[in-house]
Amino acid sequence: ARPGSRGGSLTPGGVLSSQIKVADRPVTQQGLSGIKTAMKGPQRQIMDKTYYLGVLRSKTNELTTEINKLQEEVEMYKQEKSVYLSYEKRAEALAGEIKDLQGQLADFNMVVDILNTSTDMAEVIRDYNMLKVQNDRDAQSIDKIFTDRQTTEKLNQAIEENIEREKVLADDILKDMSQENQAKYMEMKAANEKLSQELVVQQQELDALNVKEDSLRAEIAHSGMKQRAVQLYEEVHELKERRDRMIAEDKNMESPQEERERLLKQARIENVVKDDSQKIASMERQLAEVKEKTDYFKKVIQRLDMDLENNRGEENWKYKELKKKEESMDSFLETFEDVKNKELERKAEIEANIVALLEQSSRNLNHMKQISSVTNQELKIMQEDLTFKSSEMQKSQSTAKNLIT
């Protein structure tokens with residue numbers, strides 16, 4: 001038997017002590033590994049300037065090494081890019097050669113087919129002439145397109161130059177503006193750009209809706225059922241408008257009591273107009289009398305002036321009184337036209353109101369006659385017709401929805 005160690009003898013069967021736990025051993029991806037003991041070496045006790053310079057040098061060396069590595073990679077990428085460009089050019093040239101060779105091969109295949117099928121030479125010459133004419137026509141068309149393109153490019157270049165000149169002029173004008181005008185200009189420019197973008201979006205939406213409308217119209221044109229549905233929908237819409245109009249007229253219709261009050265009010269307005277007309281006539285008569293008196297007083301004043309030239313004594317106060325009367329008459333004559341115009345305007349307004357009220361009463365009376373002429377049987381027939389058409393419209397709408405889906 002093997003002698004035991006200093007720590008004690010082994011257990012029977014060679015089993016280790018139960019104090020050792022295998023689960024405590026670290027596990028890695030490559031399997032089990034032993035426990036690494038911490039390695040502690042001598043550390044610097046004082047971190048002075050020399051220590052930090054050494055650390056800085058080591059980091060600088062690492063950065064230099066990394067920069068050199070990146071530069072080498074950049075050079076390698078540049079070389080690869082130059083090689084790739086050369087290969088690309090070579091590939092383009094080879095692609096052109098392949099295209100030419102494919103054209104030649106197609107020609108050779110055509111010749112072989114002609115020889116194999118024993119085609120007549122006259123037919124071959126005829127096909128050749130036709131192809132030649134077609135090619136000449138295509139060449140002329142291509143030349144024309146090329147010429148038009150050059151002309152268009154020149155025109156676009158001239159327009160762009162004009163635009164650049166206008167931009168320069170606009171910039172000069174903008175520089176000469178005040179700060180307030182510049183801010184206003186920039187604000188308006190931003191608003192213009194925003195509106196332009198919105199216009200483009202709305203134009204696209206409009207185009208899409210127009211396309212959708214055309215497609216729907218085409219579908220309706222090819223479908224008799226859809227045409228009938230559209231017709232019924234229009235009839236129902238017209239009947240609804242007629243119903244709403246009749247309801248509105250019925251609401252606006254006056255009751256007999258209101259009609260009586262309105263007619264009484266109209267009669268009172270007519271009486272007022274008559275009174276105003278009488279007042280205007282009396283004022284015109286008064287004006288004529290005032291004018292006569294004014295002429296008389298003017299004649300008297302003229303005589304008094306002539307008398308005053310000879311005798312300026314006790315008659316002066318009479319002259320002053322007449323002067324006052326003349327001034328009052330003149331002021332009355334000056335304001336009379338304004339008063340007269342105001343009264344005439346008031347008269348015209350009242351007459352217009354009377355005409356409008358008479359028209360309204362006539363319409364109401366006609367409407368009452370029309371409604372009274374419609375019997376209950378006719379109204380019932382109209383309601384049944386409306387109900388039938390409404391149901392037909394609903395069926396048509398459901399059918400149209402099913403067809404669309």
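Key figures for this structure:
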read-out	value
Qualifying residue in the stretch 219-227 (condition: of a type in the set (G, A, S), within 31 Å of the chain's Cα centre (by Cα) and either part of a helix (DSSP H, G or I) or at pLDDT below 85 (or both))	no
Qualifying residue in the stretch 241-255 (condition: farther than 26 Å from S391 by Cβ, surrounded by 10 or more Cβ atoms within 10 Å (Cβ to Cβ) and modelled with pLDDT of 75 or more)	no
Residue check for E235: charged (D, E, K, R), modelled with pLDDT of 80 or more, in a helix (DSSP H, G or I) and closer than 30 Å to Q394 by Cα	yes
Options M368, M329, M382: the member that is modelled with pLDDT of 75 or more, surrounded by 11 or more Cβ atoms within 10 Å (Cβ to Cβ) and hydrophobic (A, V, I, L, M, F, W, C)	M329
Filter result for the condition that a residue is closer than 30 Å to K389 by Cα and within 27 Å of the chain's Cα centre (by Cα), over E198, E213	E213
Verdict on T119 being out of contact with any Cys (no Cβ under 9 Å at 6 or more places or on another chain) and not in a helix (DSSP H, G or I)	yes
Number of positions in the stretch 118-158 that are among the basic types (K, R), at pLDDT 90 or above and within 23 Å of D107 (Cβ to Cβ)	2
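The values are calculated or read from the model by the stated rules, or taken from the named source; none is laboratory data. Please read these numbers as outputs of a predicted model, since none were measured by experiment. Every residue, glycine among them, receives a Cβ derived from its backbone with ideal geometry; neighbour counts consider all protein chains shown.
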